[in-house]
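Below is one structure, written out as structure tokens, with a few remarks after it.
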Amino acid sequence: MSDNVKVQVRDLNKSFGSLQVLKDVSFDIGRGEFVCLVGPTGCGKTTFLRLLTKLIEPTSGQILIDGEPADPAKHNLAFVFQEPSAFPWLTVEQNLRYGLEIKKRDKDFIDKQVDSVAKILGLDKCLKAYPHELSVSMEQRVVIGRSFAMNPDLLLMDEPYGQMDIKMRYYLEDQVIQLWKATGSTVLFITHNLEEAVYLAQRILIMTNKPTTIKKIMDVDLPYPRNIADPRFIEIRKEVTDLIKWW
């Protein structure tokens, strides 16, 4: 396996009784890469996440991280879901420190990591606040910061901006790109929003309807920050849209 490959998915199949959800899914994610996964509603994206986190086992095939079977007990996996999930009994700072302290990282490292993440996300002025004192978007920033601060082997982001308005989504997307560049994390970002995928990803994995496989892997050959009015951006977005059949 190449040293540049972080995640390998090989011939992944998952059936529930006679219903085949995933069929021969194979792809790689490079170390430090930002990949978006898009596909029709109900195509199996959530099933894939459950396989990755070992909540369920594949019918056949495997998911490898650094050449070993993906295992949350061994690998440092972090998650950001659509619903804000900051720990309500901890302050913003305590939330950001939480995962690193559980991992027993050095205090100086934790201090520097939390300071960097808080500044990028604009949380440095509210470190002593509790989640219930924050807006939904601010609380989601806490969850995103907590996940990136851990420098995870793989960060999974599942529709993390589903409740945000357009302006706030773009703002948070720009912050996530800054965090990703600062930490070097490997990110798999799941979204229904095709414009969001083109705005964020280095590569886009396009899934089919069930039984789900990878229809195409698209490179997004655009520099950051991206301009949604750029003719090349519009061209890529149209190509992705044409590849997805929502019916």
Those residues of the stretch 134-157 that are more than 24 Å from Ile29 (Cβ to Cβ) and assigned to a loop (DSSP other than H, G, I, E, B) come to a total of 2
Condition first: modelled with pLDDT under 95, in a helix (DSSP H, G or I), within 29 Å of Leu64 (Cα to Cα) and in contact with a strand residue (DSSP E or B) (Cβ under 8 Å, 6 or more places away or on another chain). Can you find one or more residues in the stretch 106-126 that meet it?
no
Out of the residues in the stretch 57-81 that are more than 20 Å from the chain's Cα centre (by Cα) and part of a strand (DSSP E or B), state the one that is surrounded by the most Cβ atoms within 10 Å (Cβ to Cβ).
Gly61
Identify the single condition in (1) touching a strand residue (DSSP E or B) at 6+ places or on another chain (Cβ under 9 Å); (2) surrounded by 15 or more Cβ atoms within 10 Å (Cβ to Cβ) that Pro84 does not satisfy, given that it satisfies every other one.
(1)
Is it fair to say Gly67 is in contact (Cβ under 8 Å) with a residue 40 or more places away in the chain, more than 30 Å from His132 (Cα to Cα), in contact with a Lys or Arg (Cβ under 7 Å, 6 or more places away or on another chain) and of a type in the set (Gly, Ala, Ser)?
no
Test of understanding: among Val176, Val143, Val136, which residue is closer than 28 Å to Phe109 by Cβ, touching a residue at least 40 places away in the same chain (Cβ under 8 Å) and either out of contact with any Gly (no Cβ under 9 Å at 6 or more places or on another chain) or surrounded by fewer than 19 Cβ atoms within 10 Å (Cβ to Cβ) (or both)?
Val143
Single match in Pro84, Pro160 (criterion: in a loop (DSSP other than H, G, I, E, B), touching a residue at least 24 places away in the same chain (Cβ under 8 Å) and under 14 Å from the mean Cα position of the chain (by Cα)):
Pro160
Report, by residue number, each residue of the stretch 218-247 that is among the acidic types (Asp, Glu) and closer than 22 Å to Asp28 by Cα.
Asp219, Asp221, Glu239
When the residues of the stretch 213-247 are filtered to those that are of a type in the set (Ser, Thr, Tyr) and either out of contact with any Leu (no Cβ under 7 Å at 6 or more places or on another chain) or modelled with pLDDT under 90 (or both), which remaining residue is surrounded by the fewest Cβ atoms within 10 Å (Cβ to Cβ)?
Tyr224
Show the residue pairs meeting these rules: Cβ distance below 8 Å; 6+ apart or different chains; first residue within the stretch 219-247 and part of a loop (DSSP other than H, G, I, E, B); second residue small (Gly, Ala, Ser) and at pLDDT below 95.
Ile244/Gly39
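The values are calculated or read from the model by the stated rules, or taken from the named source; none is laboratory data. Predicted model, so just to flag it, every value in this text is computed and none were measured. Here Cβ is always computed from backbone atoms with ideal geometry, including for glycine, and neighbour counts include all displayed protein chains.
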